Structures are given as C-alpha cells and as structure tokens.
Amino acid sequence: MLINIAFDLLLTVFTISSTLILTVLASYLIFWIDARYLQLDLVTNLSQQQIWHNYQQVMDYLTHPWVAKLKMTNFFSSAAGLEHFSEVRLWFMVGVIMWLVSLLLIVWWQKRGHFQQKLWINQYFIVILGLGILVLALLAIIDFDGMFTIFHHLLFWNNDWLFDPNKDPVINILPASFFAHCFLFGFIICELILLSFWFQSRRLLKSHRK
C-alpha cells in the first residue's frame, strides 16, 4: 500500500515537473507570438526586438543559476518586484531538481523491472489525476483570473506578485493573456504525459491477459 502511494507520488512529481520544464521552454515561442499579436510594441513604445531582449533577460535570470541579478535594459524594478522574481526563480530551480530526482527514481524502478508493474497496478490513479487536471483546465477557461490568483496565493506567501506598472513596468510586456496561453499549453502537455502513462498501463494489461 505504501509502495503504491509512493509510486503515485513519484508519477505526480514527474508529471508536474516535466510540465513545468516543457512549458518554460515553450514560453519563448508563446511570448514571441503574443508580443506581436498583442502589439506590445505599441503598449510599451519599444521595438519588438527590445521587448524580446528584455524578455530573454528575465528568463535568463529565472532559469540560469549563474545569473546572479536581474538586469533589464529597458525596465527598472522595485524591491518587491525583484523579490517576486527571486521567488519564481527558486520555484523553477525546485522544479528542475524534482524532475531530476523523479526521473532517476523512474529509471531505477525500470532497471529493477518494477516500473511497468506498478504502472499497471496504479492505472486508475493515472485516470483520476488526468481528470483532476482536466477539471483545473476547465476552471481556468471559465475564470482564469480567479485561478491565477489562487495559484499565486498557494505558491507565494506575499503580494509581491501584484505588480504596479509604475514601479515595475516590465509587467506591461507580461499580460495576463500570455500567462493564460502558457497555462493552456501546460495543461495540454500534462494530459499528454498522463495519457502516455495510461496507454502504457493498458498495453501491459492486455499483454498480461494474453
């Protein structure tokens, strides 16, 4: 029983951390498209090249441990804004560590020949988790602002994420629609990962019956 719970936790951690990493990688393309579709150059009076450069500076800080400080060419930041970016950076690092640990554990289970067996036994958990993610996706479609707020309250213990454009003008190139598109991509990726696990479990079930 405890082993099955540990396996379910492992699948959940791997799925969520993989989704985070893939979404972060995809956010570059999502931002590039949104910046043009939303005409952020007209909003900020900056060129698309300048907007892209500043976004890359933000992402370099968030994803590269060796970038010690957030420095943007065309935007200044408040102390609260810098603190929030620092907290986001920490969560990104935690996500990468969780992915590495969970991946190593999955490989270890596979080498011992237990991963497929546990996948088959816990197939209903995969279905439940997938349905839960689907419900969250539907709630996000209905009220993204509400879900976005709840999401931040769960991850952050302060209100530093409530950026004031006068103090942290970088928020002008990070509209809510951009985050909504990232969340939508993340939900799709999460479901695809779970579907791959589910198909594996079904294939194992069929082979077992034979």
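The values are calculated or read from the model by the stated rules, or taken from the named source; none is laboratory data. Please read these numbers as outputs of a predicted model, since none were measured by experiment. Here the Cβ positions follow ideal geometry from the backbone for every residue, glycine too, while neighbour counts run over all protein chains shown. Accessible surface areas use protein heavy atoms only, side chains included; no ligands, DNA or RNA. Shrake-Rupley method; radii C 1.70, N 1.55, O 1.52, S 1.80 Å.
Where in the chain are the helices, taken as whole DSSP H runs, whose Cα atoms extend 20 angstrom or more along the long axis and whose Kyte-Doolittle mean reaches at least 0.5?
2-37, 79-112, 123-142, 176-209
Tally up the carbon and sulfur contribution to the accessible surface of segment 1-143 as a whole percent, 1.4 Å probe, everything protein left in place.
C and S fraction of accessible area: 72 percent.
With the other protein chains left in place, how much accessible area per residue, in square angstrom, belongs to the chain at a 1.4 angstrom probe?
60
If I take all pairs of Cα atoms in segment 1-58, what percentage of them are more than 17 Å from each other?
Summing the P(r) tail past 17 Å for segment 1-58 gives 55 percent.
Cβ under 13 Å from Ile16's Cβ, Ile16 left aside: what net charge do those residues give with Lys, Arg +1 and Asp, Glu -1?
-2
Cα to Cα, under 14 Å, and not fewer than 8 places away if on the same chain: which aspartates and glutamates meet these conditions relative to Lys69?
Lys69 reaches Asp60, Glu83, Glu87.
Which shape class, rounded, prolate or oblate, goes with the chain when its Cα gyration tensor gives a ≥ b ≥ c as root eigenvalues, a/c under 1.5 marks rounded, and past that a/b bigger than b/c marks prolate?
prolate
Calculate the dipole size of the chain relative to its Cα centre from +1 charges on Lys and Arg beta carbons and -1 charges on Asp and Glu beta carbons; express the result in debye to the nearest 20.
1340
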